[in-house]
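Down below is the structure, laid out as C-alpha cells.
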Amino acid sequence: MHRLALTLAFFTALAACGTDAESREDLESQTLGADTVAQTSTRAQTSTAGSVGPVRAAPPQSGRAIPAGALLTFEVRESVSTASNGVGDTFSLVLVDAVVGSGGAVLPAGASARGLVTEVRASTGPMDPSLLGLRVTSVEAAGSQQQILGETQSADIDRSTRGSGTRSVATVATGAAAGAIIGQIIGRDTRSTVAGASVGAAVGMGVALTTRGGHAELPVGSRIVVRLSRDLTY
Amino acid sequence: MNTQRTTLRNRTIARWLPASAILAFSALWIFAAEAQAQVGIGVEGRAGVTFPQGDLSDAGAEAGLSLGAELQVNFQRNLTAYAGFHRHAFNCDDGCTLGDDPRSTGVAAGLKYIFHAPGDALAWARGGIVANTFESSTRSSDREIGFELGVGADMPIGTRLYLVPNIGFISHSTGNSLKANFFTLGLGAHVHLR
C-alpha cells in the first residue's frame, strides 16, 4: 500500500512537471508573438511619434485615421530612372492635395513622403518594354513618417523601348546622306562629298546612340496616385 | 549588222519603255483596287549625291547632285511598285573628258520589298529598270535601258511623313562604248497619301 502510494505520488509529480513545461512553452510562444507584434508596432510607432520605445505594450490609439480607399496624389521631387537607379533606392515625394480622415486626421498638402524602387528593367529591343517598379512607402503625418500600404493607381512614367537596329542604321545613313549633299554643294567634287558624308555619318551615329531610348523614367514633377489599401492610423 | 540590229532594238524598247511602264503601273493599280486590296499610295521626293564608277570615273567625272521624284503603290504587305523620274549629275572639271554638265536623266520603275520587322523603321530593298539618256555639252545619247538596285529605310517622322535614307546603284549604256555606272547616296521625303 505504501509502495502504491509512493508510485502514485511519483506519477503525480511527473505529471505536474510536464504541465509546467507545457506552460512555459505556451508562455514563450505568447511572448514571441507579442514581441513580433510589438516590433511591428514599434516600427510603425517609431515613424509616428518617436516617443514609444521598444515595448511590448500595444501603442495608444489616437483615433486619427485616413481610411482605406483614400486616394493620395504625390508629386515626385527626385527623378527616378532605370538608367540611374536600382532596386532598393529611395526617392522623395510630396503630397499634392490635403487628405482629411476621421478623428481629426489630416495629411496636409506638401507633406513629405518617401518612395522605394522595387523593380528596374531596361528595354532590350522594340518588343521589350522597359519596366520601373515603384512603391510609396511612407508619408509625413503628425510630424513624422507614417508607413502606408496602398496600390499605385497611376504614375507618370515616361517609357521608351530601345530603338531597332534598322532605325540606328537609318539614322547614320540619314546623317551620311545629308552630309554628302552639303559636302557636294560646298566642294563640288568627290573628296568634299565623301568628307561631308563621313562627318554626317558620325553625327548620325551620335544621334543614334543618344536617342536609342530603352529606359523608363519618372521625372521630377511627375505624379503618382496611390489608393490606400489599409487604414492609416496614427 | 548584228550590232546595228541590236542597237535598233534597244532604241525601240527605250522609246516605248516609259509608256509601257506607266501602262503596267496603271494596270497594277487598277488590278489592286478591283481586288479591294488595302492599297497604299505615296509620293516621294529625293535628293542625294552620285558617285561615278567605271568609265565615268575613268573619264574624270566627280561626284554630283542627284534629284528624283516617284509615285509608289503598296499593293501587298511587303511589296510596293514604284515609278518616277530622276536626274543624276556629275561634276566634270580639270582633266575630265565628258564635257560640261554631264548627267544621266530618265525614268525608272520597279518593285520595292519591305522587310517588316519589330521597330519603327522599315528597311527595304528594291530593284527596277531605268531608261536614261546621258548628256553633256559634248554628248547626247538616246534613252538607253539599264537597271537600278537600292536599299534604304523608311523612318517615320510624322503621321504620314517618312524620312528615307537610301543607297543605290544605277547602270545603263550610253549608246557607245561609255557605260554609265554610279552609286547614289540620297535622302528622300515620303508622304503617304492614303
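Bear in mind that the values in this text are calculations on the coordinates, not laboratory data. Bear in mind the structure is a predicted one, so any value in this text is a computation, not a measurement. All Cβ positions, glycine included, derive from the backbone under ideal geometry; neighbour counts span all protein chains shown.
With point charges of +1 on the Cβ of Lys and Arg and -1 on the Cβ of Asp and Glu, referenced to the Cα centre of the range A:129-198, which listed residue (A:172, A:133, A:145) lies farthest in the positive direction of the dipole?
With unit charges placed on the Cβ atoms, the residue in question is A:172.
Just how far, in whole angstrom, is the range A:157-234 from the range B:121-194 if you go by their alpha carbon centroids?
28
Calculate one ³J(HN,Hα) per residue across the range A:192-200 by plugging θ = phi - 60° into the Karplus curve 6.51 cos²θ - 1.76 cosθ + 1.60, and present them in order as whole Hz with x for glycine and proline.
Result, rounded to whole Hz: 5, 5, 5, 4, x, 4, 5, 5, x.
Test of understanding: ordering A:139, A:100 by Cβ neighbours within 10 Å, fewest first, what list do you get?
A:100, A:139
For the residues B:193, A:218, what sequence is obtained by ranking on other C-beta atoms within 10 Å, fewest first? Walk me through the numbers on the way to the answer.
On the way: B:193 10, A:218 26.
By the 10 Å Cβ count, ascending: B:193, A:218.
Give me a single rounded figure for A:173-186: the average over its residues of other chain Cβ atoms within 10 Å of their Cβ.
Mean number of neighbouring Cβ atoms from other chains: 6.
If you take the beta carbon distance between residue B:116 and residue A:209 as r and set R0 to 30 Å, what does 1/(1 + (r/R0)^6) give as a FRET efficiency, to the nearest 0.05?
FRET efficiency, residue B:116 to residue A:209: 0.75.
What's the local net charge at residue A:102, with K and R +1, D and E -1, over the other residues with C-beta under 14 Å away?
Summing Lys/Arg as +1 and Asp/Glu as -1 gives 0.
Please list 3J(HN,Hα) in residue order for the range B:156-173, calculated via the Karplus relation 6.51 cos²θ - 1.76 cosθ + 1.60 where θ = phi - 60°; whole Hz, with x for glycine and proline.
Couplings: x, 10, x, 4, 10, 10, 10, 9, 10, x, 8, 10, x, 10, 10, 9, 7, 7 Hz.
Based only on other Cβ atoms within 10 Å, what is the fewest-to-most ordering of B:147, B:51, A:91?
Exposure proxy ranking, most exposed first: B:147, A:91, B:51.
What is the spin-label model distance, in nm, from residue B:85 to residue A:229 if the labels are put 7 Å beyond Cα along the C-beta direction?
About 6.9 nm separates the two model spin labels.
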